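Colleague: Quick one: this structure, given as structure tokens, is what I'll be asking you about.
The values are calculated or read from the model by the stated rules, or taken from the named source; none is laboratory data. Being a predicted model, the structure only gives us computed values, none of them experimental. So basically every Cβ, Gly included, is an ideal-geometry build from the backbone, and we count neighbours across all protein chains shown.
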Amino acid sequence: MQGFLRNDGRKGIRNVIAVVYLVECARHVAREIALPMRDRGVHLIGFSGCFPNAHAERVMRRLCTHPNVGAVLLVSLGCEGFDRHGLLEAVEAAGRPARTLVIQESGGTAATIDAGRAWVAEVHARLQSTPRVEMGVQELVVGTVCGGSDATSGLTANPAVGRAFDRLIDEGAAAIFEETGELIGCEHAMARRAVSEELGRQIIQAVAKAARVYDALGHGSFAPGNAEGGLTTIEEKSLGAYCKSGSSPISGLIKPGDVPPRGGLYLLDVVSDGPLRFGFPNICDNAEIAELMACGAHLVLFTTGRGTVVGSAISPVLKICANPDTYRVLADDMDLNAGRILEGRATLDEVGREIVDLVLQTAGGAPTASERLGHQEFILTYKWFEPIGPACLPAV
Amino acid sequence: MTDPRLLRLDPQDNVAVATTTLQAGESVTIGGRPVTLPDRVPTGHKLALVPIAAGEKVAKYGSAIGSATCDIRPGDYIHTHNLKSDYLPTYTLDGTNPYLREDRKH
């Protein structure tokens, strides 16, 4: 396996040019710049809001200096609240080619698109000679998310990802699972797996916070399709989702933008701190994927029972289908059929090994189903977090 | 376990998961005895293995997934009609969610 060496020592498995709109008003121009190069590693990401937000700025800095990103073009309208100067400095300090185009100073839509396309073409040619170096499994950060869950998710794909996580962690990788709102009911089991008692207490508090927030919002992180798929309660969905974490000790509790300091298993707390504001913690699966990437995830293992088709900008998404009936309908969109377990045609251990193999192939450059199909979904929303305390990342 | 079409995930569970869709009227073996299913149980959905009284915890994966809202007999289909969360109400598109029902008046 080889990676693109970055100046902070991390290595990327892709060499993406990110075209970043800094407010919805700049999205069309940014999208037009990226579109002709979509299939050549030029990805569109952005933040729609005009008001500044520390969480969104932090996540965007992490994404623009993500090891999978080789260059960044910022597209600003000119009057939005996003700190484009600070973001540009951060990307330049990370050693990546970077440029800002301000539409109000660049002659408007057409002229900015032309200037952006020219810059992207020039940088794309330059990136072809980015040196690649040897990269080990212990340098990988792998995230996992489940979406479109049904009752098969917690029987096949999720526990198979858990087996894969155990193997990757044994080899030194960092693995991140998340969505505390979908771990309601599992908090005490997680606390028992924490590497310290205080970390266990922090995990219980994080899930209690998620339960409070969802209670105030009126219902849990539970879609109608979950119930149609046989899941009755949030606890049941949680227990199935929890299987993705495998059986390794939990080394830390992190928040969006915190990169795991070493290998091991980490829980990502995605629910805003403080009083309820900004609405639902994660409005869709891609909001979770964006936050996993902000924690350095090189790739994401996405389990689904009902069937999702999404991928992501920046980091490849591997889709592991839990339900054999869904797989038959959506095979083109899936990377692996874990539903074979339900049919007695494979074991959890076998599928777990297949997932590890897929992770290594994908890290080695093989495209995932969603990459082949051009999926590059991205969304980043308003949130507010307090920094994590020392108890959340106990020293080894 | 008693029937290959039923999967009990933990010895403490009072429900099993159907590994294939079971039709109403079909017979399954629960605890060594044949039980005729009163309802259809789709793949992945749950049915009771033992009598569960109203208010009693329903257990899957060895953990509580909520409380029974009425008395449940062995072989009964278990879903939102007889099981509720101990944390947060379940949202479906049938218009019974109190949070959304209010919105729909406007």
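Colleague: Condition test on A:Ala118, is it surrounded by 24 or more Cβ atoms within 10 Å (Cβ to Cβ), farther than 27 Å from A:Pro260 by Cα and hydrophobic (A, V, I, L, M, F, W, C)? Break it down into steps so the answer makes sense when it comes.
Modeller: Working: surrounded by 24 or more Cβ atoms within 10 Å (Cβ to Cβ): no; farther than 27 Å from A:Pro260 by Cα: yes; hydrophobic (A, V, I, L, M, F, W, C): yes.
No; evaluated as a whole, the condition is false for this residue.
Colleague: Do any residues in segment B:9-21 that are more than 9 Å from chain A (Cβ to nearest Cβ) and farther than 11 Å from B:Val41 by Cα have Cβ atoms under 7 Å from those of residues that are surrounded by fewer than 14 Cβ atoms within 10 Å (Cβ to Cβ) and of a type in the set (Val, Ile, Thr), where the two are at least six apart or on different chains, and which pairs are they?
Modeller: Final answer for the pair search is B:Asn14/B:Val50.
Colleague: Same structure again: Among the candidates A:Leu168, A:Leu155, A:Leu127, single out the residue that is on the phi < 0 side of the Ramachandran plot, in contact with a strand residue (DSSP E or B) (Cβ under 7 Å, 6 or more places away or on another chain) and in the same structural domain as A:Ala34 (by TED's automatic domain parsing). Give the steps one after another, and end with the answer.
Modeller: Numbers: A:Leu168 fails: in the same structural domain as A:Ala34 (by TED's automatic domain parsing); A:Leu155 fails: in the same structural domain as A:Ala34 (by TED's automatic domain parsing).
Matching residue, one of A:Leu168, A:Leu155, A:Leu127: A:Leu127.
Colleague: Within segment A:107-148, track down each residue that is outside any strand (DSSP E or B), at pLDDT below 95 and closer than 30 Å to A:Asp170 by Cα.
Modeller: Result: A:Pro131, A:Gly147, A:Gly148.
Colleague: With the condition kept exactly as written, say whether any residue in segment A:14-26 is part of a helix (DSSP H, G or I), under 30 Å from A:Met1 (Cβ atoms) and of a type outside the set (A, V, I, L, M).
Modeller: Applying the first criterion (part of a helix (DSSP H, G or I)) to segment A:14-26 yields A:24-26.
Of the ones still in play, those that are also under 30 Å from A:Met1 (Cβ atoms) are none.
No, because not a single residue in segment A:14-26 is part of a helix (DSSP H, G or I), under 30 Å from A:Met1 (Cβ atoms) and of a type outside the set (A, V, I, L, M).
Colleague: Which residue, of B:Val35, B:Val28, B:Val58, is modelled with pLDDT of 95 or more and either surrounded by fewer than 17 Cβ atoms within 10 Å (Cβ to Cβ) or at the interface with another protein chain (Cβ under 9 Å from one of its Cβ atoms) (or both)? Step through it out loud before you land on a result.
Modeller: Values: B:Val35 fails: either surrounded by fewer than 17 Cβ atoms within 10 Å (Cβ to Cβ) or at the interface with another protein chain (Cβ under 9 Å from one of its Cβ atoms) (or both); B:Val28 fails: either surrounded by fewer than 17 Cβ atoms within 10 Å (Cβ to Cβ) or at the interface with another protein chain (Cβ under 9 Å from one of its Cβ atoms) (or both).
Answer to the selection: B:Val58.
To keep it simple, each residue is scored yes or no on (1) in contact with a Ser or Thr (Cβ under 9 Å, 6 or more places away or on another chain); (2) within 14 Å of another protein chain (Cβ to nearest Cβ); (3) assigned to a strand (DSSP E or B); (4) of a type in the set (Lys, Arg).
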{"site": "A:Ala151", "(1), (2), (3), (4)": "yes, yes, no, no"}
{"site": "A:Leu155", "(1), (2), (3), (4)": "yes, yes, no, no"}
{"site": "A:Arg167", "(1), (2), (3), (4)": "no, no, no, yes"}
{"site": "A:Ile176", "(1), (2), (3), (4)": "yes, no, yes, no"}
{"site": "A:Gly185", "(1), (2), (3), (4)": "yes, yes, no, no"}
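Colleague: Just for segment A:309-325: of the residues that are surrounded by 24 or more Cβ atoms within 10 Å (Cβ to Cβ) and within 12 Å of A:Gly148 (Cα to Cα), which one is farthest from the other protein chains (Cβ to nearest Cβ)?
Modeller: Within segment A:309-325, the match that is farthest from the other protein chains (Cβ to nearest Cβ) is A:Lys319.
Colleague: Taking the stated definitions as given, is B:Tyr87 of a type outside the set (Gly, Ala, Ser) and facing chain A (nearest Cβ under 7 Å)?
Modeller: Values: of a type outside the set (Gly, Ala, Ser): yes; facing chain A (nearest Cβ under 7 Å): yes.
Judged against the criteria, B:Tyr87 is a match.
Colleague: Ok, one more. Having 3 or more residues that are away from every other protein chain (no Cβ under 11 Å), without any contact (Cβ under 8 Å) to a residue 60 or more places away in the chain and closer than 24 Å to A:Cys392 by Cβ is the bar; report the helices (runs of 4 or more DSSP H) wholly within segment A:188-250 that clear it.
Modeller: Numbers: elements: A:197-217, A:224-228, A:234-242.
Passing ranges, in order: A:197-217.
Colleague: crowded, with 19+ Cβ neighbours inside 10 Å, touching an Asp or Glu at 6+ places or on another chain (Cβ under 9 Å) and not acidic (Asp, Glu): which single residue out of A:Ala369, A:Ala363 fits that description?
Modeller: Numbers: A:Ala363 fails: touching an Asp or Glu at 6+ places or on another chain (Cβ under 9 Å).
Result of the check over A:Ala369, A:Ala363: A:Ala369.
Colleague: Another question about this same structure. Mind checking whether some residue in segment A:131-146 is under 25 Å from the mean Cα position of the chain (by Cα), closer than 19 Å to A:Asp285 by Cβ and not β-branched (Val, Ile, Thr)? Give the steps one after another, and end with the answer.
Modeller: Taking segment A:131-146 as the starting set, the residues that turn out to be under 25 Å from the mean Cα position of the chain (by Cα) are A:132-146.
Checking which are closer than 19 Å to A:Asp285 by Cβ leaves us with A:141-146.
Then keep just the ones that are not β-branched (Val, Ile, Thr); that gives A:143, A:146.
Checked segment A:131-146: at least one residue is under 25 Å from the mean Cα position of the chain (by Cα), closer than 19 Å to A:Asp285 by Cβ and not β-branched (Val, Ile, Thr).
Colleague: Against the definition (touching a Phe, Trp or Tyr at 6+ places or on another chain (Cβ under 8 Å) and in contact (Cβ under 8 Å) with a residue 24 or more places away in the chain), how does A:His55 come out, yes or no?
Modeller: Working: touching a Phe, Trp or Tyr at 6+ places or on another chain (Cβ under 8 Å): yes; in contact (Cβ under 8 Å) with a residue 24 or more places away in the chain: yes.
Yes, satisfied.
Colleague: In segment B:61-81, which residues are within 20 Å of B:Ile30 (Cα to Cα) and either more than 7 Å from every other protein chain (Cβ to nearest Cβ) or outside any loop (DSSP other than H, G, I, E, B) (or both)?
Modeller: Start the filter on segment B:61-81 by keeping residues that are within 20 Å of B:Ile30 (Cα to Cα), which leaves B:61-62, B:68, B:71-79.
Scanning segment B:61-81 gives B:Gly62, B:Ala68, B:Asp71, B:Ile72, B:Arg73, B:Pro74, B:Gly75, B:Asp76, B:Tyr77, B:Ile78.
Colleague: How many residues does segment A:121-135 hold that are surrounded by 13 or more Cβ atoms within 10 Å (Cβ to Cβ) and touching a Phe, Trp or Tyr at 6+ places or on another chain (Cβ under 8 Å)?
Modeller: 2
Colleague: Would you please list the contacts, defined by Cβ atoms under 7 Å and residues six or more apart or on different chains, that run from a residue in segment A:5-19 that is more than 11 Å from A:Gly41 (Cα to Cα) to a residue that is aromatic (Phe, Trp, Tyr)?
Modeller: A:Lys11/A:Phe4; A:Gly12/A:Phe4
Colleague: Determine, yes or no, whether A:Ser76 is buried (at least 19 other Cβ atoms within 10 Å of the Cβ) and of a type in the set (S, T, N, Q). Steps first, please.
Modeller: Details: buried (at least 19 other Cβ atoms within 10 Å of the Cβ): yes; of a type in the set (S, T, N, Q): yes.
The answer is yes for A:Ser76.
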